[in-house]
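Accompanying notes for the structure given below.
The values are calculated or read from the model by the stated rules, or taken from the named source; none is laboratory data. Quantities reported herein were computed from a predicted structural model and do not represent experimental measurements. Here the Cβ positions follow ideal geometry from the backbone for every residue, glycine too, while neighbour counts run over all protein chains shown.
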Amino acid sequence: MPIEDRDEAYLVTHALARDTLSRLRDVETEQVNFRKGLVKLGRICGYEIIDGRMETEYVEIETPLEETMGECVKGLDDVVIINVLRAATPFVEGLLKAFPRARQGVISASRDESAGREEDGSFPITIDYVKLPEIREEDTVIVADPMLATGSTMCAVLEHVVENSPEPDHLIVLAAVSAPDGLLRVNESFPEVDLLTVSIDDYLDDDGYIVPGLGDAGDRAFRTN
Ligand code: URA
């Protein structure tokens with residue numbers, strides 16, 4: 001079962017996704033392998049989205065020998081991938097291997113950790129930069145962020161996407177690792193969203209890090225720690 005239904009989200013259960021995530025969790029995995037792991041995980045998740053969420057259609061094709069029927073994935077030209085900077089950059093690189101013709105958007109949203117968490121556990125979020133392609137009704141929009149922690153960033157990003165576009169056919173949030181609080185927040189605020197994740201981890205620590213998690217994914221990928 002490649003995408004398994006859980007109450008809070010759908011789990012991408014492909015064995016290679018779980019294997020890759022385990023390597024990413026390992027504190028010994030250094031920058032290059034960490035980044036490659038995120039690329040690989042993005043590619044696997046992309047293939048799983050195609051397999052579990054997109055339709056196929058039968059088409060007539062002509063091989064060098066005869067006419068026959070083939071099967072093609074519908075809607076591959078109507079995919080928008082939104083990169084939530086910055087940890088999503090290698091994750092999106094992998095997704096693009098599955099959706100090479102996707103239109104891409106970028107949103108830079110930062111959480112103000114120095115301000116501390118609000119009463120509801122969220123962090124204040126500032127959206128610094130937004131560049132989205134036109135989003136059309138027929139699109140499958142994938143908002144990618146490897147870490148869905150408090151959900152504050154994701155909700156700010158989704159608000160922006162929903163306010164500035166017609167309701168797309170299919171709005172997917174894709175995370176590698178999610179915290180239960182974050183899934184709850186996104187589910188409550190955006191019930192129409194299709195939440196996919198490779199793992200639902202145990203809890204958030206006081207600094208808003210997912211536990212067991214994989215640490216600061218941006219710092220590990222960009223070697224900024
Ligand atoms: N962002 C990360 O990179 N890691 C976490 O655990 C939470 C948010």
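Here is a yes/no grid of residues against (1) within 16 Å of the ligand (Cβ to nearest atom); (2) over 16 Å from the mean Cα position of the chain (by Cα); (3) more than 22 Å from Pro180 (Cβ to Cβ); (4) part of a strand (DSSP E or B):
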{"site": "Ser110", "(1), (2), (3), (4)": "yes, yes, yes, yes"}
{"site": "Arg117", "(1), (2), (3), (4)": "yes, yes, no, no"}
{"site": "Gly121", "(1), (2), (3), (4)": "yes, yes, no, no"}
{"site": "Tyr129", "(1), (2), (3), (4)": "no, yes, yes, yes"}
{"site": "Glu134", "(1), (2), (3), (4)": "no, yes, yes, no"}
{"site": "Glu137", "(1), (2), (3), (4)": "no, yes, yes, no"}
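Return a yes/no flag: does region 152-174 have any residue that is polar (S, T, N, Q), outside any strand (DSSP E or B), within 16 Å of the ligand (Cβ to nearest atom) and at pLDDT below 95. I'd like the intermediate steps shown before the answer.
Here is the first cut: in region 152-174, the residues polar (S, T, N, Q) are 152-153, 164-165.
Those still in the list that are outside any strand (DSSP E or B) too: 152-153, 164-165.
Pick out the ones that are also within 16 Å of the ligand (Cβ to nearest atom) and you get 152-153.
If we keep only those that are at pLDDT below 95 too, we end up with 152-153.
Checking region 152-174: at least one residue is polar (S, T, N, Q), outside any strand (DSSP E or B), within 16 Å of the ligand (Cβ to nearest atom) and at pLDDT below 95.
Tally the residues that are at pLDDT 95 or above and within 11 Å of the ligand (Cβ to nearest atom), restricting the search to region 139-150.
Within region 139-150, the subset at pLDDT 95 or above is 139-149.
Pick out the ones that are also within 11 Å of the ligand (Cβ to nearest atom) and you get 145-149.
Residues that pass the stated criteria total 5.
Restricting the first residue to region 203-225 and requiring it to be touching a residue at least 40 places away in the same chain (Cβ under 8 Å) and more than 25 Å from Glu8 (Cα to Cα), which pairs with a second residue that is more than 8 Å from the ligand (Cβ to nearest atom) and in a helix (DSSP H, G or I) meet a Cβ separation below 6 Å and a spacing of at least six or different chains?
Pairs that qualify, where the first residue is touching a residue at least 40 places away in the same chain (Cβ under 8 Å) and more than 25 Å from Glu8 (Cα to Cα) and the partner is more than 8 Å from the ligand (Cβ to nearest atom) and in a helix (DSSP H, G or I), are Arg220/Phe34; Ala221/Phe34; Ala221/Arg35; Ala221/Pro90; Arg223/Gln31.
In this structure, is Arg117 modelled with pLDDT of 95 or more and more than 22 Å from Val193 (Cα to Cα)? So that I can check it myself, show each step before the final result.
Details: modelled with pLDDT of 95 or more: no; more than 22 Å from Val193 (Cα to Cα): yes.
In short, no.
Residues of region 210-225 being within 8 Å of the ligand (Cβ to nearest atom), small (Gly, Ala, Ser) and part of a helix (DSSP H, G or I), which ones?
Those that are within 8 Å of the ligand (Cβ to nearest atom), small (Gly, Ala, Ser) and part of a helix (DSSP H, G or I): Ala217, Gly218.
Take Ala221 and decide whether it is more than 21 Å from Glu118 (Cβ to Cβ), at pLDDT 95 or above and under 17 Å from the mean Cα position of the chain (by Cα).
On the way: more than 21 Å from Glu118 (Cβ to Cβ): yes; at pLDDT 95 or above: yes; under 17 Å from the mean Cα position of the chain (by Cα): yes.
Yes; evaluated as a whole, the condition is true for this residue.
For the subset of region 194-204 comprising residues that are assigned to a strand (DSSP E or B) and more than 18 Å from Ser110 (Cα to Cα), which member is farthest from the ligand (Cβ to nearest atom)?
Taking region 194-204 and keeping what is assigned to a strand (DSSP E or B), we get 194-200, 203-204.
Subset that is more than 18 Å from Ser110 (Cα to Cα): 194-200, 203.
Working: Asp194: 21, Leu195: 16, Leu196: 17, Thr197: 13, Val198: 14, Ser199: 12, Ile200: 13, Tyr203: 11 Å.
Going through the qualifying residues, I end up with Asp194.
Hey, can you tell me all the residues within region 153-193 that are within 15 Å of the chain's Cα centre (by Cα), under 18 Å from Ala109 (Cα atoms) and not hydrophobic (A, V, I, L, M, F, W, C)?
Those that are within 15 Å of the chain's Cα centre (by Cα), under 18 Å from Ala109 (Cα atoms) and not hydrophobic (A, V, I, L, M, F, W, C): Thr153, Ser178, Gly182.
Do we have any residue at all in region 185-193 that's in contact with a Cys (Cβ under 7 Å, 6 or more places away or on another chain), away from the ligand (no atom under 12 Å from the Cβ) and of a type in the set (Val, Ile, Thr)?
Looking for residues that are in contact with a Cys (Cβ under 7 Å, 6 or more places away or on another chain), away from the ligand (no atom under 12 Å from the Cβ) and of a type in the set (Val, Ile, Thr), one finds at least one in region 185-193, hence yes.
Since Asp207 meets every condition but one in (1) assigned to a loop (DSSP other than H, G, I, E, B); (2) away from the ligand (no atom under 12 Å from the Cβ); (3) among the acidic types (Asp, Glu), which condition does it not meet?
Here Asp207 meets the rest and fails (2).
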